[in-house]
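The structure under discussion appears below in the form of structure tokens.
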Amino acid sequence: MSAITHRKIFAPANPTTALECDFPLIEISQIAEQESWRKEINRPIYHIHKWWATRLGSVFRGIVLSALSPPGTDIWAEFYKTHDLSGKVVLDPFMGSGTTLGEAVKLGAKAIGCDINPVSTFLVRQAFTPASETQLRAAFEQLERDIAPEIRRYYQTRDPQTGKPIPVLYYFWVKMITTPDGEAIPLLSRYVFSQDAYPKKKPRAQIVCPGCWGIFEDRFDVAAIACPRCGQKFNPQKGPVTGQYVTGKSGKRYRIKDLLPIDGTPPLHRLYAMMALRKDGSKVYLPVGEEDLTLYKEAQERLAREALPLPESNVRSGHNTDQARGYNYTRWRDFFNSRQLLCLGLLLRGILHIEDLAIQEQMLCLFSSTLEFNNMFCSFKGEGTGAVRHMFSNHILKPERAPLENSVWGTDRSSGTFSTLFESRLLRAKRYLDEPFEIDFKYDLNKQRVGSRKIVASKPIKARRVETWAEMGTTDHSMLIFNGDSSNLPIPDASVDAVVTDPPYFDFVHYSELSDFFFSWLSPVLRDRYPWFARMDSSDHGEVQHKDPRVFSRQLTSVFTEACRVLKDDGVLAFSFHHSRAEGWAAIYDAISKSGLAVVAAHPVHAELRAASPKTATKDPISLDAILVCRKRSFALRLPSVVQDVMASVEALSSRLKAAGLRMSVGDHFVIGAAQTLIARAGDNLSFDDIKLDLDAIRAAVRLNVNVQDEVSPAEPHNGTMI
């Protein structure tokens, strides 16, 4: 065991903010865990549109309030109070979905946000733009009159009971490959294509016959059956696909990638089933008939005739996109089938006819949000839950073998459609502006938790967006949103009271590679309006994102150095971070040290739902963030200090969290230990390699000493299979 495991932690004895002293980590972690179950409902303003690694609003409310409060403040006692911090300015140089900005303005402070990604800039601007529900509903109703009928006609089928048209909620497709012998094989690992999310309680399932493509109902786990239509006997649990291989009728085995189309196009798809909605509200599974195939062909033919605003850009190579490119998805329009392209194009064209640009952009944001659930990388979750698994359930864009086609406009029984997201995302976010609330627990007479409630603890969010620092100084409740490189901010020296942020994740998750999906639709229609959309893709040479920890550290150093310049001498820079590897923490230490900063405190808090995908795929999921609190180095290290032991701090903090009912993995213990190591080594100015050795020693000590008994929640069932 390295000496670092028992090295003393130096913490300032003369802090200037409450955040340097203590933090109500138990209370906020418990509230944060509650928030994390339904983030889009509990903090809708940050979920108006897809963004990655969106942090929890309750945690950042606590951080901002602590960073702007004097030492000795009881932050938990102040948490649910209405505040007016109008003399304070908070900066977030990696604003992402705008969490820091929202929590700052709710507390009455002014907020500055900057992000290098144009999609982030656009969605944050829309999130904080006030728009009356009356105006939004009028625009929606106009689209419903003019555009919805055109879209709905392509999402209907004939009810075999009545002979009348009924709306289709979802179409079930499967990728097809052809062997050298000419055999067409569906990429199905099972012939059960729909089952309940809890199949042991509700065993009813839908099965497709490999012979006649008829569909019928039986148990989800039936292993031998005969098709009631054609009589073919088969095992519904065994499709032709196993892993990355497919087996033909002759028994010959092929590697799937070896059978991709040689012309460079994506694999073909076969439509085989539908879920439709009858007039009495019941859902019915139906096979695909000639009339349904003719309807799809009509959509193909109309798409060829129409001049629609569709994406034309290519998918660039990257860690998050190469798997899709490897299956010949080289253009963003390839992610959609012809019916989706037609209906999305018609909808977008209709939105662009809205004359009020502010309302038009709100609808553009909603449209872009709809794309996440309406493409051929989506899959079916199953019954008893939200039906559509969106394309970003994994950080890598994996082509779905059995994709689900959602209905673009949708019905009141749909999930992830334009009409349902209008209510659940856009209007909910606008209502939150008018009445921002916090989550609190309800208790019975025995002080046992019996649920949660909403508490209005802020005035309505009336942030006034300005364009310059000078304008900000003369405008109350102002918000300044930049698009650009945060290493070069148009802000004076020592002008910001606190910097609160969540930096990009070091590793392979490159946000711009994923956000290109939205950019490909938004850029053509907004590039003449906003210069930051007038480029090839959403990437930028100044973005902080790299798989090499040393390169990532250099990139982060440039932004932290600028943040240090604009930060007041008595202010703090606080950010959330977690990583399972020592080099991730070493990169953070290196960037902090070279930026003229030093870590003076660290607070572990609940960050993410442990059962969330892709977190469930990891061996040792992390649910904690460390809130790292930094001061300017010249001020932090001259202060008198108190000392603590690194491993003793790990044990003390983890014990507090576990005693409060929070489950702790080995990875969570390492997050605490790594954060405490950064404090212990704050004044040593170690090299990257030296601090990594210390962090490796802490990781080994944690694994040796921690006996984790927490039970990890099971992952959500996945009925579809990804390539």
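A few notes on this one:
- Rg/Rh for region 480-550 stands at 1.01; both radii use Cα atoms, and Rh follows the Kirkwood definition.
- Summarised as an ellipsoid, region 425-504 has semi-axes of 36, 17, 13 Å, derived from the eigenvalues of the Cα gyration tensor scaled by 5 and square-rooted, with the largest first.
- 25 Å tail of the calculated P(r), region 197-309, as % of Cα pairs: 44 percent
- Distance between modelled label sites at A700 and Q300, nm, 7 Å Cα→Cβ extension: 6.2 nm
- Largest first, the residues H395, H353, H603, H477 sort by 1.4 Å accessible area into H353, H477, H395, H603.
- Centre separation in Å (Cα based) which lies between region 440-503 and region 213-283: 50 Å
- Rounded, prolate or oblate (a/c below 1.5 giving rounded, otherwise prolate when a/b exceeds b/c) for region 179-220 by Cα gyration tensor: prolate
- Residues listed by number, region 414-457, amide nitrogen under 16 Å from E141 label point at 7 Å toward C-beta: 423
- In this structure, the amide hydrogen of A109, modeled 1.01 Å from its nitrogen in the peptide plane, lies closer than 5 angstrom to those of L85, counting only residues at least 5 positions away or on a different chain.
- Förster radius 25 Å - calculated FRET efficiency between D620 and S655 (Cβ-Cβ, nearest 0.05): 0.80
- Per-residue ellipticity at 222 nm, computed for the chain from helices alone with -39500 (n - 2.57) per DSSP H run of at least four residues, works out to -9500 deg cm²/dmol.
- Charge dipole (debye, nearest 20) of region 233-278; +1 at Cβ of Lys and Arg, -1 at Cβ of Asp and Glu: 300 debye
- Per-residue ³J(HN,Hα) for region 452-466, Karplus 6.51 cos²θ - 1.76 cosθ + 1.60, θ = phi - 60°, Hz, x for Gly and Pro: 10, 8, 9, 10, 7, 10, 9, 6, x, 7, 10, 4, 9, 6, 10
- Per residue, the chain exposes an accessible area of 39 Å² to a 1.4 Å probe, with every protein chain left in place.
- The long axis of helix 549-566 is offset from the longest Cα principal axis of the chain by roughly 60 degrees.
- Cysteines in the chain lacking a second Cys C-beta under 4.7 Å: C21, C114, C343, C365, C378, C564, C630
- Taking the accessible area of the chain, probe 1.4 Å, and keeping the other protein chains in place, the carbon and sulfur fraction comes to 49%.
- Rounded if a/c under 1.5, otherwise prolate or oblate - region 199-245, Cα gyration tensor axes: oblate
- For V388, distant residues with modelled amide H under 5 Å away: K381
- Partners for K547 among lysines (Cα-Cα distance below 18 Å; same-chain residues under 8 apart left out): K692
- Beta bridges by DSSP in the chain, antiparallel share as percent, to the nearest 5: 75 percent
- Listed by chain and number, the aspartates and glutamates whose C-alpha is less than 19 Å from the C-alpha of K164, apart from same-chain residues fewer than 8 away, are E150, D280, E290, E291, D292.
- GluC sites (Glu not before Pro), loop per DSSP, at most 13 other Cβ atoms within 10 Å - longest free stretch of the chain: 1-305
- Region 448-606: C-alpha gyration tensor shape, a/c 1.5 cut-off, then a/b vs b/c: rounded
- Rounded to whole Hz, the Karplus (6.51, -1.76, 1.60) HN-Hα couplings of region 164-180, x for glycine and proline: 9, x, 9, x, 9, 7, 9, 10, 9, 10, 9, 6, 10, 10, 10, 7, x
- Proximity of backbone amide H atoms, modeled 1.01 Å from N, is registered between I481 and G113, V466 at under 5 Å, excluding neighbours fewer than 5 places apart on the same chain.
- Too-long pairs where the Cα-Cα distance tops 25 Å, listed order kept, from K459/K568; K430/K459; K106/K568; K175/K381; K447/K658; K106/K454: K459/K568
- Low-density loop positions, trypsin sites (Lys or Arg not before Pro), region 405-505 - DSSP coil, at most 15 other Cβ in 10 Å: R413, K447, K462
- Hypothetical label at T178: residues of region 288-329 whose amide nitrogen lies under 18 Å (7 Å Cα-Cβ projection): 328
The values are calculated or read from the model by the stated rules, or taken from the named source; none is laboratory data. Remember, predicted model here, so these are calculated numbers, not experimental data. Note that each Cβ is placed from the backbone with ideal geometry, even for glycine, and that neighbours are counted across all protein chains shown. Heavy atoms of the whole protein, side chains included, go into the accessibility calculation; ligands, DNA and RNA do not. Shrake-Rupley method; radii C 1.70, N 1.55, O 1.52, S 1.80 Å.
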